[in-house]
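What follows is one structure encoded as structure tokens, with my remarks underneath.
The values are calculated or read from the model by the stated rules, or taken from the named source; none is laboratory data. A quick note: this is a predicted structure, and the numbers were derived from the prediction, not measured. No Cβ is skipped: glycine too gets one built from the backbone with ideal geometry, and neighbour counts run over all protein chains shown.
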Amino acid sequence: MRRISFRLLVLYIVLGAIIGSLIGEIAHLLPEGVVKDFFTRSVTPGFEPTTINLIIIEFTIGFKFTLNIAGVIGIAIAVYMLRWYR
């Protein structure tokens, strides 16, 4: 059995999330109803940008990402494809 590198796993998950999220954005074109609500519902975890001032250097950190149902489906398909690829 061949081992999967961590980089390849992360690549598949990120690509699956991106493709799934794009499909979720296209779902906004669907007519109003339960299906549209299901595919366009999303959650945005993360934290607001915070500035840290250390007198000689100042930097801002923060991140947010939006994940919707289509993104989760995209990740599941990508992981399944990775499993099939092995």
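Which of the residues spanning the stretch 69-83 are within 20 Å of Ile23 (Cβ to Cβ) and at pLDDT below 85? Scanning the stretch 69-83 gives Val79, Met81, Leu82. Note on the stretch 44-60: among residues that are loosely packed, with under 10 Cβ neighbours inside 10 Å and touching a residue at least 12 places away in the same chain (Cβ under 8 Å), the one that is nearest to Ser21 (Cα to Cα) is Thr44.
Applying a threshold of 8 Å to beta carbon distances and a minimum spacing of six or more residues, or different chains, the list of pairs starting in the stretch 1-22 at a residue that is within 20 Å of Val72 (Cβ to Cβ) and ending at one that is acidic (Asp, Glu) and not in a helix (DSSP H, G or I) is empty. In a residue-by-residue description of the stretch 62-76, the property of being exposed (fewer than 14 other Cβ atoms within 10 Å of the Cβ), of a type in the set (D, E, K, R) and more than 22 Å from Tyr12 (Cα to Cα) applies to no position. Here Trp84 clears all of (1) surrounded by 11 or more Cβ atoms within 10 Å (Cβ to Cβ); (2) under 24 Å from Phe6 (Cβ atoms); (3) more than 16 Å from the chain's Cα centre (by Cα) except the condition numbered (1).
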